[in-house]
Amino acid sequence: MRYCCVPFCTSIHPGVSFHEIPAEMTLREQWLNMISRKNWQPNSTSNYSAVCTLHSLESDFRGDTKRRVLKHGSVPSAFPSYPSYLRPIPPRPRSDTSIAKRKREPSPVKTASPRAYTRAPDVDFRTGPSVVDSATVDCLDASAP
């Protein structure tokens, strides 16, 4: 008797067929990622290295045969027995604002005027300003007792 290698799957129902994990490396990696078994490599001689039909969608099967044959390139994607933390995360659709933001022209980079980079005159704040103008004299006279 064959068994499904998907965690938490107990498919012993009549009429359930099993599909071997493909040998093609890219497709095999996709299958193993979807199965989500950590530190596990399927054994080609084991009865546990197959996936049952419960983990494939109807659109994944060829309709021109009497047997349930998977289309080339299909990957198991239905995992009803998985706990929520093991289920593959579906991609979130983009919001309308993010799509509109990408379509907009990039705003030109604003550059600072050359005046912003001019250096202020050196002032020694411990001794006060080096140039005394009339406003400074008036201020000093007003603060004297």
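FYI, it's all coordinate maths here, none of it is from the lab. Values in this document were obtained by computation on a predicted structure and should not be read as measured data. So basically every Cβ, Gly included, is an ideal-geometry build from the backbone, and we count neighbours across all protein chains shown.
Below are the figures for this structure:
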| read-out | value |
| --- | --- |
| Long-range HN-HN contacts of Cys4 with modeled amide H, under 5 Å | Ser11 |
| Packing-based exposure ordering (other Cβ within 10 Å, fewest first) of Phe8, Phe18 | Phe8, Phe18 |
| Computed label-point distance, nm, for sites Arg37 and Ser59 using a 7 Å Cα→Cβ extension | 2.8 nm |
| FRET E, pair Arg94, Arg2, Förster distance 35 Å, beta-carbon r, rounded to 0.05 | 0.25 |
| Cβ-based exposure ranking for His72, His55, in which fewest neighbours within 10 Å come first | His72, His55 |
| Neighbour-count ranking [beta-carbon atoms within 10 angstrom, fewest first] of Cys52, Cys4 | Cys52, Cys4 |
| Rounded, prolate or oblate (a/c below 1.5 giving rounded, otherwise prolate when a/b exceeds b/c) for segment 1-67 by Cα gyration tensor | oblate |
